[in-house]
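Input: a single structure, listed below in structure tokens.
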Amino acid sequence: MYTNIKIFSSKRITIISLILTIYFFVSCQPDIDKITLNQTNLELNVNETFQLKAVNEPKKASQIVEWVSSKPNIAVVNDNGLVKAISPGECEIKAIANDKEAFCKVFINSKTFKVNEVEFKMITVEGGTFIMGTNSDEAFEDEKIPHEVTLSTYYIGETEVTQALWNAVMGNIPTQINTSVSDLKGENRPIFFVSWNDICNTNGFLDKLNTILADKLPIGYSFALPTEAQWEYAARGGKYSQNYKYSGSDNIDEVAWYINNTGGKGSKDVKTKMPNELGIYDMSGNAGEWCYDWYHPYYYYNSEKVDPTGPDEGSDRTNRNGGFRAKATGCAVWSRFYDPPTTADDFISFRLALVKSK
Ligand SMILES: [Ca+2]
């Protein structure tokens, strides 16, 4: 009996001391002042993973963290902070500890470059096969003749080239010089008054950009204008295409600045409408965009099937999608335009491609 009581007492004491220890431990843990992450910006490719690590400060504070993704369709995060890229685009991973939060921006399938403090992103467009052109009754004859095209992987600009980026590369802003229309000016608006020749000729924008970023490019790649096929495949969302009429939606007002919502007065800052399936902005509307190809109305009849680069010669260069002054039909993913390569006006800008050098 005596022994039993002793055992009971001993167990009781053990439990009480355990409770006291836990209470002491918990009550002595300081409040969390701050939570920090090992990364605040991530660039991943689809299916890639990255281990985020959080540290709560002071170090003696609880290290328990809750993880949340702002867009689980783009990237997911598990209970241990392991991030997995699901589809192209951008989202934010939030780490929460008590009432403190920390964030990591995650960009899927993009590469960031910087010229004189101006950052720009290139979006990966995985190669694939698609039907270029359309049967739509709204289309012009040169936009019809749907035909199969296969493209190798390339990158394309997340936005049109901005006035800030042009200035960082060329040291001038033609849009500031050539017009008094204030609605065309702004460092985050597309650059205007740049001809195809200004971009592609020797010592033009592409030459200079390729020189400045020579040691930052993926091996064998250089900046170029997108071909019409590269432009259209990216506008259609590449392998993630939902077959929208406009780039990213069937509702033009969600994705494009065009005549009905700009009044034709001028461009808007890039990236102020919704992106498309690949996380690319303003492919429909805002500014027309020079492409590499010479223009020929019947080119679709005899286009090369793999990585087409347009006719061998011509008098006009192609440009794609209507800008802020266009009607909706001019903003469809299939819409084509053309102008002499010397044209420098308040309507045509461009978007970069990053392609395997030939
Ligand atoms: Ca555009």
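The values are calculated or read from the model by the stated rules, or taken from the named source; none is laboratory data. Note that the structure is predicted; figures quoted are calculated from it, not measured. Positions of Cβ are backbone-derived with ideal geometry, glycine not excepted, and every protein chain shown enters the neighbour counts.
Side notes on the structure shown:
Conditions (1) away from the ligand (no atom under 16 Å from the Cβ); (2) in contact with a strand residue (DSSP E or B) (Cβ under 8 Å, 6 or more places away or on another chain), marked per residue:
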position	(1), (2)
260	no, no
265	yes, no
294	yes, yes
312	yes, yes
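- When the residues of the stretch 340-358 are filtered to those that are polar (S, T, N, Q) and either modelled with pLDDT of 95 or more or outside any loop (DSSP other than H, G, I, E, B) (or both), the one that is farthest from the ligand (Cβ to nearest atom) is 342.
- Leading residue by the ranking (farthest from residue 238 (Cα to Cα)) among those in the stretch 31-45 that are polar (S, T, N, Q) and over 22 Å from the mean Cα position of the chain (by Cα): 36
Every residue, every condition in (1) within 15 Å of the ligand (Cβ to nearest atom); (2) more than 19 Å from residue 340 (Cβ to Cβ); (3) in a loop (DSSP other than H, G, I, E, B), yes or no:
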site	(1), (2), (3)
277	no, yes, yes
286	yes, yes, yes
289	yes, no, no
300	no, yes, no
326	yes, yes, yes
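Residues are listed down the side, and each one gets a yes or a no for (1) among the aliphatic types (A, V, I, L, M); (2) more than 22 Å from the chain's Cα centre (by Cα); (3) in a strand (DSSP E or B):
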site	(1), (2), (3)
47	no, no, no
61	yes, yes, no
72	no, no, no
79	no, yes, no
93	yes, no, yes
103	no, no, yes
122	yes, no, yes
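- Counting the residues of the stretch 314-324 that are in a strand (DSSP E or B) and more than 9 Å from the ligand (Cβ to nearest atom) gives 3.
- Boolean, residue 202 is surrounded by fewer than 18 Cβ atoms within 10 Å (Cβ to Cβ) and not in a loop (DSSP other than H, G, I, E, B): no
This table checks each residue for (1) closer than 21 Å to residue 206 by Cα; (2) outside the structural domain of residue 131 (by TED's automatic domain parsing); (3) among the hydrophobic types (A, V, I, L, M, F, W, C).
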{"residue": "280", "(1), (2), (3)": "yes, no, yes"}
{"residue": "286", "(1), (2), (3)": "no, no, no"}
{"residue": "289", "(1), (2), (3)": "yes, no, no"}
{"residue": "297", "(1), (2), (3)": "no, no, no"}
{"residue": "304", "(1), (2), (3)": "no, no, no"}
{"residue": "317", "(1), (2), (3)": "yes, no, no"}
